[in-house]
Structures are given as structure tokens and as C-alpha cells.
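What follows is one structure encoded as C-alpha cells, with my remarks underneath.
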Amino acid sequence: MSKPKLYLFAIGGTGSRVLRSLTILLASGIKTNTEKIIPMIIDTDINNGDVEKCRNIIKNYNDIHNAIYNGVREEESQGEFFRTKIMPPKELNVSGSDYGTLKEMVGYNSLDAKGFEKTRAFFDLLYSNKNKDMPLEKGFLGNPNVGSVVLKNVVESNAFREFTQDFSQNDRIFVISSIFGGTGAAGFPLLMNVFRDENSGLNNGNYINNAIIGGVSVLPYFQVDVDKFNAGESAINSGTFITKTKAALAYYNRNLKHLVNTMYYAGDTRQSNYENFEGGIEQKNPSNFIELTAASSILDFLDYDVNANTKEDLQISSKFFEYGITTDIGVVDLSHIKKDNLSEQLLHFHYYNVYVSNYMKDALTDEKLAWRNELKLSSNYHNQNFFKELEKFATVHYYRWLLEASLDQHDRKFLPFDNSIIVNREEILKDVSDMMPVKVAVDDKKLFTLVTGIPAKNSSNFFKKDYIKYDEEFSKIAQKILELHYGNTERNVHTLLNQGIKNIIAERYVL
Amino acid sequence: MENFYFLFEDLDNWDVWDEKGYLIGFIILLVTSLVITAVYYLYLGRKSMRFSTVGKWFLFSVVNFILVFVITLIIEGLTIFELSFGSFYFEIWLFAIINSFYAFVFYILLSLIFKRLSVFSKFIPVKF
């Protein structure tokens, strides 16, 4: 049987940010036990900056993936950068601006009619006046009781209908949500109830009911400026995150634990400090280590009981995981990541990005360079789409993600690599478009100290200086790459970079 | 060999040149150029990319030029004509210079053959 597809529901701002981190992980070539990932973004705040970032990175990823792997069999080239297919995200259209306020959405005024007194009283009991008058265009601003009503409409959307139509017998579902906000906290239980409802009347309802479903719930990991809440400038109050989390966890424990097969909880006692924005284009929280952790839970889920096709096949019907690190340190680097291929792939990917952003353009314009000529690259290859896309992924998405995760506003930073190679750090942090390319400067010496705390093996001595020579390694293997007869220039270039960097890392690092 | 060295004429010592002078000169030219090209393409060109530039390739041609000049001068003067170093006459100097120019041409021709056997200098001096 072929590998399952993964329908990945990313709810709210946290969902999109975890999806962004997942894209970085997949770009690094982590092997996944899936045919493809189909992201389903649920956010009433369609202008949310985090969603926009997520759309952009996946588009860039897809352009690269399609140029290399179009028509390539699933089992080939596993473990190479950008290998897993991610479909363009389907956005479940529940634009809050279409509904106005909760009052307008439910037709509150019509409850004045005779016979609806009890309904109105019940509604008043559940929702405060502030809830009822809250505009829905920027999400639910930490009010899951509001979200649970509005998000019901998700299942009526075309994208959700397409999902149910495409769903096959052994496909899996995973839901990313935060537990302490509004959209995620409301959306997760709602989706779980829909998926497991035997009378839902969904297309392929039987397959969906019996599917293996997992979820990651992100516990509070940041706080926002409380002054804005106190001054009435924002409805988001991070002081209530813990209380809401406790309430939601109690609810999950009572009502959801029998519905979900694999549940991951990711959270951190060390908090990050973000500006208090009520959604919209301004809500662009920086990447965070906990989002990377949540993203890695998706990979873990794909490997969970791989021989099981439906929930009935599972050896254990429900399993719960919590994330933990062995040392409570403020700066997490590669040495703190579990010694599986995650840290190794990130290391490979970093050296790859350093080459793409700092050396590759010069190599492509060097008419005498052996690997460039062996692969018969045209003289303007550096101006062609493929290279532009690789460069864009490195400079617009990858370094920015790295930089954001290491900012001082995080009490726990993720700093696996030396970010001092980024020379326009200040401009990047001020850039509102999020599309400004990061400029990097790496010299021969720096190539040995790119990884925090783990220098590369350097055999320099008094008589001889050692260098890390990318192009030399690539030229050595270029002939072998040609012998693979891929018949696709982009795949040749990509395989060469993958293989060459693998050789360099094997020679220089012991992880 | 006389025809090969058509640029050179030494009627006073024609028989010596004809008997072995030309041949030895040609052997020096061929062996030195072969060795230099082989070192450049087969040894250095497979070991590291450090020398894989047109500039370095040209430097090796200059080395070849100088080596052929010096070896020709010494072998022809000291061994063939059995002269002391200070008494080399003009024709020997001239022959050494002509042989060096031929060495330059040989280096280019041999480069075109040997470059295919290299890893890093496969497209030096020209790409085809």
C-alpha cells in the first residue's frame, strides 16, 4: 500500500507559524512517512501576517520541489532537501469580515421574537455583551466560546468539502492548534467532533471516522504587552492564558481523549515577549523554538505505528506525548536536540544555504568551473528561476526564520548556528514586508565555526591552511551525478548539492 | 627534424645539429612539455581545485617555457657541443629560445588532450 497522505489542519496564528517551521524542517530533507502533506489553514483573520508568511514560504518550497521532483517516484531521493511534497495550502474560508459581529452572525436581534425568549436568555448567559459585539475579522482574540460558534462554518466551506472528497482509506489527519487563544482552542475540539461523528454525513465519512488522527496543542509560550489590554487598545490579555489553558485541558481530558489517537503537548515555562496586536497584517510573531518542537511532533506522528492504516489497526488507541528538554537552558543549540537525524539534517541544510546564498552565484558565473560545465549549465543559469527560488528560500525565508528564533525577546532562544554571518540584521528586523533578502557574509575561516559550540574539523597547521571547498567537492562528484541519467538539469544540480554537502559534513563533523 | 626546426639555421655546425642536436632538442621539448602538462592535469588537476584557473595554467606554460629553455641550453651546449658554460655561441641560445616557443605551442596542444583526464581543470584553458 502506498504511503498515506497527511491532511494537516493549521488553526489560527500558531497553526501557521508551526506550519512555517515544518516547512523549514521538510526543506532540510527530514524523511517523512507520507506521500504528501496537504495543509489546511483555518483562520478567520485572512490578513494575518503569520498566515501570509506561511503562504509565501510554502509557495517558494513548492516551486523548488516541483522543479526537482516532478515525475520522480516516491521512494527515490529520500532524505534530500525539499523532498516531501507539500501541496499549496487550502484555506478554509471563514473570513470574519463576512460575519461582522457574533450578534450579527447568529441573528441576535431576531431572538426578540415571541417564543425565543429562552434561547436569547441562554445566549446571554453564555456570551457577555463584549463577546457579542466583538468584530470577528481578526479572529476570536482569546475567546474560544465565540470561536466555537463561528468555526462551525468551516465544515460548510468548499475547501473542507474538497478535503472530504479526496480523503482515502489510509490517509491521516493532524491538527495544529494553540490551547490558550481563541481560534485554535475553539477549532481543535470542533474538528475532532466533526471527524469522529459517525452521523456527520461527510463524503468518505467512514474513512474519516476511522482515520488515525493526531494533534499538537501548543501551551502558552508567549506573553503580550498587558498595558495595551489595560488601556483598552487590545482585547488580548496574556494574563488569562494559563487559566484558559487549564480550563481547556480539563475539557480535552473529559471530551477529546477518546477521539484523538496521538496527542502532543508542547509548551514552555520560559516565555517570549511579543507586541500586542489584535491580528491583522501586523500580527507577525517571530519564529519560536516551541513552534519547531510542535512541527517535529508532526514528523513523529507520521512515524507513529506506520503499519496501521486506520485507528482500529493501532496497537494503542490513544497516546499522549509531552515535549521536554534535558537541560533548562536559555539558548538551545544543536547539541540539545535529540541525536536523531533532525540535528544532522539541520546542519546539512545550513551549509547548503550558506553555499546557495554566499557562493553559488559566483560558481554559476565561473565559466571554467568543472561541475558547472559537467552539468552543462547555461551561462545565464544564475538568472534562471530555479536558482532564484533556491536563493530566495535561503535569504528570504530560512535565515529570517533562524534570526527570529534567536531574538532576545525569547527567554529560550534557538541558536543552532552563528547568526553573525547576517550583515543586515537591523534592516531585516525592521522590514515590514518580510520579503527583504537577508545578506550574509561568510569567509573561509567562518565556515569552520558556523555551528554554535561545535567547530568543524580543521587540519590547518604551520605549513598548510585547511579550507572547506564546496566547489571542489561538487566537481569531484559531478561525473557520478551525470551517470545517474536523471535527464533533468535542476535535479542534477540539486543532487550534486545534496551529495556534496553530505560529503563535506561527513568529513568535518561528528555529531 | 631539420624541417621541424625550419626557423633555425646553423650552417657551420649543420652536421652536429643534423646528427643529434635537433633530435635531442625535440626530445627535451616533448618530454618537458609532457611532464609539465601531466603534472598540471593528471596530478594537480585531480587533487585540488587550487590550480584550476587560466592564470595558473598560464603560469605552468611559463614554467614549461623556462624549463625547456634552460634544459635545451645546458644539454645542447654542455653535452652535444661540449662547450664550457661561458663559451656558448649565439646559435645555441637562439635554438634554446626557438625550442621554448615550440614548448609553449606543445603545452597548448597537450593541454587540449590531457584536460579531459583531469577532474578540476577539465575546462581549462578552453571549454569544449
Inset, instruction - Determine whether the range A:148-159 contains at least one residue that is without any contact (Cβ under 8 Å) to a residue 24 or more places away in the chain and either assigned to a loop (DSSP other than H, G, I, E, B) or out of contact with any helix residue (DSSP H, G or I) (no Cβ under 8 Å at 6 or more places or on another chain) (or both). - result: yes
Inset, instruction - Determine whether the range B:62-73 contains at least one residue that is outside any loop (DSSP other than H, G, I, E, B) and within 14 Å of chain A (Cβ to nearest Cβ). - result: no
Inset, instruction - Could you tell me which residue of the range B:83-97 is farthest from the other protein chains (Cβ to nearest Cβ), considering only residues that are open to solvent by less than 20 Å² (accessible area, probe 1.4 Å) and under 13 Å from the mean Cα position of the chain (by Cα)? - result: B:Phe95
Legend entry - Count of residues meeting criterion [in contact (Cβ under 8 Å) with a residue 60 or more places away in the chain, among the aliphatic types (A, V, I, L, M) and over 29 Å from A:Ala478 (Cβ atoms)] in the range B:97-128: 2
Legend entry - Check on A:Asp434, within 14 Å of chain B (Cβ to nearest Cβ), of a type in the set (D, E, K, R) and not in a helix (DSSP H, G or I): no
Inset, instruction - Within the range A:236-252, identify whether any single residue is among the aromatic types (Phe, Trp, Tyr), under 30 Å from A:Asp305 (Cα atoms) and at pLDDT below 90, and answer yes or no. - result: yes
Legend entry - Residue match in the range B:30-43 (condition: closer than 30 Å to A:Asp471 by Cβ and small (Gly, Ala, Ser)): yes
Inset, instruction - Output the residues belonging to the range A:333-374 that are open to solvent by 40 Å² or more (accessible area, probe 1.4 Å) and of a type outside the set (S, T, N, Q). - result: A:His336, A:Lys338, A:Lys339, A:Asp340, A:Glu344, A:Tyr359, A:Lys361, A:Asp362, A:Asp366, A:Glu367, A:Lys368
Legend entry - Residue count, the range B:41-61 (criterion: outside any helix (DSSP H, G or I) and within 11 Å of chain A (Cβ to nearest Cβ)): 5
Inset, instruction - Tell me, yes or no, whether the range A:441-463 has at least one residue that is buried (at least 16 other Cβ atoms within 10 Å of the Cβ) and farther than 25 Å from A:Val510 by Cβ. - result: no
Legend entry - Test set (1) more than 14 Å from chain A (Cβ to nearest Cβ); (2) in a loop (DSSP other than H, G, I, E, B); (3) surrounded by 15 or more Cβ atoms within 10 Å (Cβ to Cβ) - B:Val119 fails condition number: (1)
Legend entry - Residues of the range A:35-80 that turn out to be touching a residue at least 12 places away in the same chain (Cβ under 8 Å) and assigned to a helix (DSSP H, G or I), as a count: 20
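Every residue, every condition in (1) within 14 Å of chain B (Cβ to nearest Cβ); (2) under 25 Å from A:His382 (Cα atoms), yes or no:
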| site | (1), (2) |
| --- | --- |
| A:Val442 | no, yes |
| A:Asn458 | no, no |
| A:Lys464 | yes, no |
| A:Ile468 | yes, yes |
| A:Glu483 | no, yes |
| A:Arg491 | no, yes |
| A:Lys502 | no, yes |
Inset, instruction - Looking for whichever is out of contact with any Gly (no Cβ under 8 Å at 6 or more places or on another chain) and free of Cβ contacts under 8 Å to residues at least 24 places away in the same chain here; the options are B:Arg50, B:Arg46. Which one fits? - result: B:Arg50
Inset, instruction - Hey, can you tell me all the residues within the range A:10-32 that are over 20 Å from A:Leu92 (Cα atoms) and aliphatic (A, V, I, L, M)? - result: A:Ile24, A:Leu25, A:Leu26, A:Ala27, A:Ile30
Legend entry - B:Val105 vs. criteria more than 14 Å from chain A (Cβ to nearest Cβ), within 20 Å of B:Glu2 (Cβ to Cβ), loosely packed, with under 14 Cβ neighbours inside 10 Å and among the β-branched types (Val, Ile, Thr): yes
Inset, instruction - Residue by residue through the range B:16-57, note down the ones that are of a type in the set (Lys, Arg) and either open to solvent by less than 60 Å² (accessible area, probe 1.4 Å) or over 18 Å from the mean Cα position of the chain (by Cα) (or both). - result: B:Arg46, B:Lys47, B:Arg50
Inset, instruction - Just name the residue that is nearest to the other protein chains (Cβ to nearest Cβ) out of those in the range A:346-370 that are among the aliphatic types (A, V, I, L, M) and within 16 Å of A:Glu490 (Cα to Cα). - result: A:Ala363
Legend entry - Those residues of the range A:346-386 which are aromatic (Phe, Trp, Tyr) and under 17 Å from A:Val438 (Cβ atoms), in sequence order: A:Phe349, A:Tyr351, A:Tyr352, A:Tyr355, A:Tyr359
Inset, instruction - Exactly one condition in (1) open to solvent by 20 Å² or more (accessible area, probe 1.4 Å); (2) at pLDDT 85 or above is not met by A:Glu156; state its number. - result: (2)
Legend entry - Residues of the range A:314-357 that turn out to be over 16 Å from A:Val451 (Cβ atoms) and not β-branched (Val, Ile, Thr), as a count: 15
Inset, instruction - Please indicate, with yes or no, whether at least one residue in the range A:371-383 is under 29 Å from A:Ser343 (Cα atoms), of a type outside the set (Asp, Glu), away from chain B (no Cβ under 14 Å) and within 31 Å of the chain's Cα centre (by Cα). - result: no
Inset, instruction - Among the candidates A:Ile421, A:Ile477, single out the residue that is surrounded by 18 or more Cβ atoms within 10 Å (Cβ to Cβ) and either over 30 Å from B:Phe51 (Cβ atoms) or within 14 Å of chain B (Cβ to nearest Cβ) (or both). - result: A:Ile477
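The values are calculated or read from the model by the stated rules, or taken from the named source; none is laboratory data. Everything quoted here is computed from the prediction, not taken from an experiment. Note that we place each Cβ from the backbone using ideal geometry, even for glycine, and neighbour counts take in every protein chain shown. Remember, those area values only see protein heavy atoms, side chains included, never the ligands or the DNA or RNA. Shrake-Rupley method; radii C 1.70, N 1.55, O 1.52, S 1.80 Å.
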